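Here's the structure, in structure tokens; my notes come after.
Computed from the coordinates by the stated procedures, all read-outs in this text should not be read as laboratory data. These numbers come from a predicted model, not from an experiment. For neighbour counting, all protein chains shown are included, and Cβ atoms are generated from backbone atoms with ideal geometry for every residue, glycine included.
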Amino acid sequence: MMVTALGVALGFQMQGRDDLAAVIVGDGTSGRGEWHESLNLAATWKLPVLYCCINNGYAISTAVGDSHATEDLYEFALAYKMPSVLVDGNDIVAAYLATQEAVDSIRAGNGPYFIEYKTWRWQGIFSGEFRPPEEVRYWKEEREPIKMARERILAEGIANEATLDQIKEEVDAQIEAWITFALQSPPPEPAKATADIYVGWEVEVR
Ligand SMILES: Cc1ncc(C[n+]2csc(CCOP(=O)(O)OP(=O)(O)O)c2C)c(N)n1
Ligand SMILES: [Mg+2]
């Protein structure tokens, strides 16, 4: 994705469009070569790429600090000479505002922008994964994004409890409906596996 985004962004740039390619990656890719190659070329060619790095502290069981010389991955992007910021990924408003600023900067033709959203992964990728109990408690009880947003909305008088409860009920019902739809739908046909992947020409099978 880090490399594919370059091609998409180059296309936008060549066509003179103000679109941008947003690439969303975890922290687990940031030690890989193509991660750095992508940042380097995007910065050199001033490509319209928004790098959204969701740093949730772990790649499977490997803590960020055990596999990188820093836990703040936005520092890497600074070296490639692009604007790069660290935001609290669990603060919905902070994340929104930082993203808006980045999008505006890219659309203004200033080249790529990197945002590190610091957060924490609730579920392990496999069940035997170990994370310190106090760390689990802290993130689940004190840093839960929906809870934090709810408290802020109530404190600032934007909506009351009843309205928020009603919104939650509506969203829960919508999610249930989507799950039911997915489970009741037939599996896709193998012949359609390449549909919407290649544009405009047939792929020759060699
Ligand atoms: C190229 C490649 N190497 C290894 C894997 C195995 N793998 C699957 S998920 C994962 C960790 C991803 O961690 P991160 O990017 O932090 O994402 P998170 O699940 O924390 O959001 C790895 C190594 C893979 N899918 N692809
Ligand atoms: Mg991760």
When the scattering of the stretch 54-115 is computed by the Debye formula from its Cα atoms alone, each counted once and equally, what is log10 I(q)/I(0) at q = 0.19, 0.20, 0.21 Å⁻¹?
-0.79, -0.85, -0.90
Cross-link reach from residue 147 to aspartates and glutamates, straight Cα distance under 20 Å and at least 8 residues apart if same chain, gives 88, 91, 134, 135, 156, 161, 165, 169, 170, 172
Residue-by-residue Karplus 3J(HN,Hα) for the stretch 176-185, coefficients 6.51, -1.76, 1.60, Hz, glycine and proline x:
4, 5, 5, 4, 4, 4, 5, 5, 8, 7
Express the relative contact order of the stretch 55-206 as a whole percentage, based on alpha carbon pairs under 8 Å and six or more residues apart in sequence.
21
Stretch gain in nm, segment residue 81-residue 36, where the contour uses 0.36 nm per residue and the Cα spacing is subtracted:
15.0 nm
If you put +1 on each Lys and Arg Cβ and -1 on each Asp and Glu Cβ, how big is the dipole of the stretch 8-146 around its Cα centre, in Debye rounded to 20?
380
Output wanted: per-residue J couplings in Hz (rounded whole) for the stretch 4-14, from phi through Karplus 6.51 cos²θ - 1.76 cosθ + 1.60, θ = phi - 60°, x for Gly and Pro.
4, 4, 4, x, 4, 5, 4, x, 4, 5, 5
How many Å³ per residue does the convex hull of the Cα positions in the stretch 69-206 occupy?
277
In nm, spacing of pseudo-spin labels at residue 178 and residue 92 (7 Å Cα→C-beta vector):
1.5
Would you mind telling me which residue in 90, 110, 55 has the biggest mean-square fluctuation in a Gaussian network model of the chain, where springs connect alpha carbons within a distance under 10 angstrom?
110
Rg and Dmax of the stretch 122-181, Cα atoms only, in Å:
15.7, 43
Residues meeting the amide H criterion for residue 56 (H placed from the backbone, H to H distance under 5 Å, 5 or more places apart or on another chain) are 27, 119
Which length gain, in nm to one decimal place, applies between residue 191 and residue 62 when the Cα-Cα distance is subtracted from 0.36 nm times their residue separation?
42.6 nm
In whole Hz, what ³J(HN,Hα) sequence does the stretch 133-145 give by Karplus (6.51, -1.76, 1.60; θ = phi - 60°), x for Gly and Pro?
x, 5, 5, 4, 4, 4, 6, 6, 8, 9, 10, 6, x
Hey, if you put +1 on the Cβ of every Lys and Arg and -1 on every Asp and Glu Cβ in the chain, which of 41, 100, 74 ends up farthest toward the positive end of that dipole?
41
The chain: calculated mean residue ellipticity at 222 nm from DSSP helix runs of at least 4, using -39500 (n - 2.57):
-13000 deg cm²/dmol
I'd like to know which of 136, 159, 52 lies farthest towards the positive end of the charge dipole of the chain, counting +1 on Cβ of Lys and Arg and -1 on Cβ of Asp and Glu.
52
Taking the alpha-carbon centre of each part, the distance from the stretch 1-69 to the stretch 148-201 in Å is 26
